[in-house]
Each structure stands twice: as structure tokens, then as C-alpha cells.
Amino acid sequence: YLGIGMVYPFLTIMNKHVNKPLKSASTTNRDNRIELGNEKQCELFGEHMRGFQTSGPEEERHIKRWLAGNCFGDYYTRMGLTGAQREMITFCFLSALGTEPQLKSHIGGNFHVGNDAHYLINVISNCMPYIGYPRTLNAIRCIHEMEK
């Protein structure tokens, strides 16, 4: 989701401490990952996401297919975490990156799965030592903007 350049140091450390191979948590396959990923997008963000992977200019659709199939199909449908947990984690990632348009979308997703503004402010308060005051304050502003 974040790109290998962002997560490689974390993967290197985790691979030293996790017994492998891990049991598969996948619930999709090559044939249904985009469809099930788009279903997950609709579940989290609303019906306006239906067919997202085929919308917009043709030269951008491959990225939307990757997002539906990989991010939401391969990852968001996996067993092990609830939708509320996944959205909270995504909120933390996007806050750390400072990507406000995506952050606002996932704040909406958090609200949709039951993570309210008070909860998200508590979460981002715990992230502050790692992401700094500017990104923490930006995340709080985005939370309040999405509450309206």
C-alpha cells in the first residue's frame, strides 16, 4: 500500500522476528480480486465507488484497477483484522505521509465502520511523537472537516 521504499526497513526488522512461512489469510484469487476489492471500496466509502476501477481517463484506469485489486482485493479482504482496525491503521499511514485527499477519504471510511472523531484524535495523539506536530495537527483538521 505504501510502496516498498517506505516499508522495506520495517520488513527487514519483522522478517528477523516472525516465523515463516505464515499461514495464508487471503480470501481472493486472480479471478475475483478486483470485483471483491471494489465491493470492499463500496462497503467502506459508499455506492459512488461502484465501478471505480473502470472510471476516468483510460490512461489512469490501470492504477484504479491496481488499487481495487491489490489494495482492497488482496489486502482489505484478508482475514485477521476487522474493517475498523484496517481503517484505523490506514488513517495512521496516511497521516504520517501527509496525503490529505486520501486521508480525508479514509477518515470517512473510519466514520463508516464506527471509528468516531474522538477515537481518531486519540489515535493520532499517540502517533504524534513519530509523525510530528504539523502532520498531527493536519490530521486533526481533516477529522473536523470530515465531521461536517
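Every number here is computed from the coordinates shown, using simple stated rules; none is lab data. Worth saying up front: this structure is predicted, and the values here are computed from it rather than measured. Positions of Cβ are backbone-derived with ideal geometry, glycine not excepted, and every protein chain shown enters the neighbour counts.
See the values below:
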| item | result |
| --- | --- |
| Rounded, prolate or oblate (a/c below 1.5 giving rounded, otherwise prolate when a/b exceeds b/c) for the chain by Cα gyration tensor | oblate |
| Contact order relative to length of the chain, as percent, for alpha carbon pairs under 8 angstrom and 6 or more apart | 21 percent |
| Computed E for residue 27/residue 116 - FRET, C-beta separation, R0 25 angstrom, nearest 0.05 | 0.35 |
| Close Lys-Lys pairs in the chain, where close means Cα under 29 Å and separation is 8 or more or interchain | 9 |
| Cβ-based net charge around residue 43, under 14 Å, with every Lys or Arg adding one and every Asp or Glu removing one | -1 |
| Within the chain: Cβ-based charge dipole about Cα centre, in debye rounded to nearest 20 (Lys, Arg +1; Asp, Glu -1) | 520 debye |
| Global form of region 26-79, assessed from the alpha-carbon gyration tensor, a/c cut-off 1.5 | oblate |
